[in-house]
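The structure appears right after this line, and notes come after that.
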Amino acid sequence: MRQVTGHSIQRILRYRSTVRNPLRNFVRTAPPPQAGQARVRFAHCDPEVACRWRRFVALCPRIFADREAPSPTMPQTPPSPLEAMRRLIAGNERYKNDTRSVTALASQLQRGGLAAGQSPFAIVLCCSDSRAPAEILFDQGLGDLFVIRVAGNIVAPSGIGSAEFAAATYGTRLVVVMGHSSCGAVTATLEVLRGESTVASDNIRDIVDRIRSSAQTVLEVGKGRSPELQLRDAIRANVRNAVDHLRHGSRILEDMVNSGQMVIVGAVYDITTGHVDFLDVPAELREALPPQ
Ligand SMILES: [Zn+2]
């Protein structure tokens with residue numbers, strides 16, 4: 001017998017109302033379960049609420065699958081770069097609209113199954129900034145994204161190695177290098193270049209030095225522009241520099257890109273609007289994607 005405790009349900013109900021209310025509406029309108037579907041025991045639940053949740057659970061066996069069993073829906077082969085981008089764009093649309101997919105929301109209930117393996121559909125190299133978590137802003141759950149986070153979304157040897165590992169081990173075919181607005185690492189680099197501040201340690205200098213060249217170019221080309229515009233341009237230039245570094249700094253990744261097995265794109269996340277703007281998407285993909 002599969003069991004979902006009242007604790008798990010109540011944990012879901014603690015989410016903000018924009019998540020909770022659509023879930024409740026779904027439960028209210030769900031048709032009754034068919035014979036032979038999993039039985040579910042609800043603890044500490046009002047009987048009427050338990051009845052509604054039972055109907056919901058019956059329709060979503062994947063979400064409430066036995067934690068000890070392998071995930072029955074884990075893909076055996078990763079999706080194409082185009083399909084992966086569609087999933088990221090659709091997830092970001094949900095995030096911007098303050099909604100979440102039920103699958104992503106409840107993926108934590110599948111963690112027992114995920115212990116058997118993983119099949120992330122995209123690799124995301126992004127900044128460590130607390131306001132830019134890839135799993136949340138793309139509305140994805142456990143096992144969906146292979147995320148590499150480092151201040152300034154710079155491409156260091158460990159970042160290249162991490163991307164190579166995911167591509168070689170899991171067959172993941174899309175890499176997204178994602179910067180974000182108001183990035184502290186890029187701001188600090190611009191301030192150092194303007195002579196407004198100094199670097200506090202050799203370790204921080206290593207990060208600044210990897211952003212320096214693209215930021216320097218922006219300052220030279222955009223001389224006289226406002227600091228806000230210079231920061232925006234430096235963030236995009238830093239992403240493009242990182243994409244170029246990933247495409248050509250790894251023989252494994254370069255071979256995969258050249259043979260059409262992998263696509264590496266840039267992106268910038270706007271922390272105010274929640275929108276992710278993809279940069280330099282190959283024409284064949286861009287034509288097949290919804291307009292941004
Ligand atoms: Zn940042």
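Hey, rough spin-label estimate for T273 and S197, points 7 angstrom out along Cα→Cβ, what's it come to in nanometres?
Once both label points are built, they end up 2.7 nm from each other.
Want the number for F165 to R240: 0.36 nm per residue separation, take away the alpha-carbon distance, what's left?
Going from the current span to full extension adds 24.8 nm.
Could you check the simple spin-label distance between R212 and E254, using points 7 Å along Cα→Cβ, in nm with one decimal?
2.4
On full extension of the chain, what length is gained from R205 through T99, given 0.36 nm per residue of separation minus the C-alpha to C-alpha distance?
Contour length minus the Cα-Cα distance gives 34.2 nm.
With a 10 Å Cβ neighbour count serving as the proxy for reagent exposure, in which order, fewest first, do C126, C183 appear?
With the fewest neighbours first, C126, C183 line up as C126, C183.
What are the ³J(HN,Hα) values, in whole Hz, obtained from phi via the Karplus relation 6.51 cos²θ - 1.76 cosθ + 1.60 with θ = phi - 60°, for each residue of region 267-281 in sequence order, with x given for Gly and Pro?
7, 10, 9, 8, 6, 7, 8, x, 7, 9, 9, 7, 10, 6, 6
Given R₀ = 25 Å, what would the calculated FRET efficiency be for S80 paired with R149, taking r from the Cβ atoms and rounding to 0.05?
Efficiency for this residue pair is about 0.50.
For an R0 of 45 angstrom, estimate the FRET efficiency from the Cβ-Cβ distance between L219 and E284 and round to the nearest 0.05.
0.85
Given labels modelled 7 Å from the Cα in the Cβ direction, how far is it in nm from S158 to Q261?
2.7
Does region 129-174 come out rounded, prolate or oblate, given a ≥ b ≥ c as the square roots of the eigenvalues of its C-alpha gyration tensor, rounded meaning a/c under 1.5 and, failing that, prolate meaning a/b above b/c?
It is oblate, given that a/c is not under 1.5 and a/b is not larger than b/c.
Roughly how many whole Å is it from the C-alpha centroid of region 267-284 to that of region 138-163?
Region 267-284 and region 138-163 have Cα centres spaced 16 Å from each other.
None of the figures in this text is laboratory data; all of them are computed from the coordinates on show. These numbers come from a predicted model, not from an experiment. Here the Cβ is made from the backbone with ideal geometry for all residues, glycine too, and neighbour counts use every protein chain on show.
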